[in-house]
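Following: one structure in structure tokens, then a few remarks.
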Amino acid sequence: MKTSTTTVGMIANPASARDIRRLVAHGGAVTTHDKLNRLQRVLAGLAATGVERVISMADQAGIMDGLGRLAERASAEGWPALEFVDQDIAQTGADTTAATRAIVDAGVGSIVVLGGDGTNRVVAAASADVPLVSISTGTNNAFPRPVEPTVAGLAAGLVATNPHSRQAGTYRAKKLIVHCGDRVEEALVDVAITDTDGVGAGALWDSTSVSELFMCFAEADAIGLSAIGGHVQPTPRRSPTGLALVLGEPVATIVRAPIAPGLVEPVGVSSVSVLEPDSTVVVRAAGGVVAIDGERMFRFGPANRPAITLRADGPVVVDVTTTLEHAAAHGHLAAAGVVGRGIRPGPEALPTPVGATKPNPRRYQREDTEPTRPLHRNGPHQAIRVPNPAGVPR
């Protein structure tokens, strides 16, 4: 793997926010234009932290082409050099997997992800230890927290370019491992056991069909199935434990939980238990469908019941708030003087580090060359070519 602390990856799922929950609930659509707008803001944040190069996922839905057009505008002056993974497009989760692997192999310092829980799950499976900055563009999202893309870009750039920011602003997320026969799946938020007849449209929105629910974390301000646990026994993201609920009869507690956008339902909870790290629980149901992070994935029967294990070795995640607070406390984005067009703070212009006895000289380094221009598929940097693996659920 190459090493470059000034390179950041971008994964933008062109299909996010298009599932059936926009029809059965009130989920809003996130258009390609919306995603491009957010990516512009991300790139502005990355540029402000000194990131020199961005490698982005390719697509056929207009995101890649739109970024290429935006990069030619005067407003893109100062953006990092922009490249795209040269990959075969299958319009499945395999595109995300292939792009993530290529981006990681290029030695990026962080990856910005635009998508929902499903997109983040696919990226996390291929991201190794590269920190993820997740921006929600899905329908039901619990793993990505609400964040302004400009601020997310700042956090991603700080973590990629400053080892102290990475140490202070990242943590290791939990995950759930599902074993069912030879099949192994991973969840970043929750695993639900339903009594539906099949996988169907994929997205799970009907809480009355859920009999068991296993969660990495459960927050009261979340939306989706994990919100049920958040209103019964809140479990923080950084807590070492998870949560397991049995729903239905006999009902011990009735919870009104936001299952989907605009959809608040009463849910009967029969029992609550804590999931301990590395402990395995076999589901009670004799058959049904397993839903991973809100998406129905596969059926099982009485001879092969799934086993759920909570693990502490999930993806490395950037806490945007902590990263920016650390940057503020140590002056990573502050310097004396006035920065004009075409002038960037040089290393000597950074504020005095905490504990230093001698202040750094205050001066700026003028750029005598043309600003770095975005690089496209035909640009001077050779595109990254990766094989297209077998399809993976998005």
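The values are calculated or read from the model by the stated rules, or taken from the named source; none is laboratory data. Keep in mind that this is a model prediction, so the values were computed, not measured. Here the Cβ positions follow ideal geometry from the backbone for every residue, glycine too, while neighbour counts run over all protein chains shown. Accessible surface areas use protein heavy atoms only, side chains included; no ligands, DNA or RNA. Shrake-Rupley method; radii C 1.70, N 1.55, O 1.52, S 1.80 Å.
Using a probe of 1.4 angstrom, how much of the accessible area of segment 216-319 is carbon and sulfur, in percent?
54 percent
Once the dipole of segment 39-190 is set up with Lys and Arg at +1 and Asp and Glu at -1 on Cβ about the Cα centre, which of 149, 40, 170 lies farthest towards its positive end?
Positive-end residue among those listed: 170.
About the Cα centre, and with charges only on the beta carbon of Lys, Arg (+1) and Asp, Glu (-1), how big is the dipole of segment 204-341? Nearest 20 debye, please.
With Lys and Arg at +1 and Asp and Glu at -1, about 180 debye.
Sort segment 54-139 into rounded, prolate or oblate with this rule: let a ≥ b ≥ c be the square roots of the eigenvalues of the Cα gyration tensor; rounded if a/c is under 1.5, and if a/c is not under 1.5, prolate when a/b is larger than b/c, oblate otherwise. Before the final figure, lay out the partial values.
Numbers: a/c = 1.57, a/b = 1.40, b/c = 1.12.
Verdict is prolate for segment 54-139.
Please list 65-72, 122-129 highest first by mean number of surrounding beta-carbon atoms within 10 Å per residue.
122-129, 65-72
How many angstrom separate the Cα center of segment 115-174 from the Cα center of segment 238-268?
Distance between centres, Cα-based: 26 Å.
At a probe radius of 1.4 Å, what is the per-residue accessible area of residue 295, in Å² to the nearest 10?
Result for residue 295: roughly 40 Å² accessible.
Quick check: at a probe of 1.4 Å, how many percent of the accessible area of segment 36-158 sits on carbon and sulfur atoms?
That share works out to 44 percent.
Applying the Karplus parametrisation 6.51 cos²θ - 1.76 cosθ + 1.60 with θ = phi - 60° to the phi angles of segment 144-160, what ³J(HN,Hα) value in whole Hz is obtained for each residue in order, glycine and proline being reported as x?
x, 8, x, 7, 5, x, 4, 5, 4, x, 4, 5, 4, x, 5, 5, 6
Roughly how many Å² is the accessible area per residue of segment 84-190, as a whole number, for a 1.4 Å probe?
29 Å²
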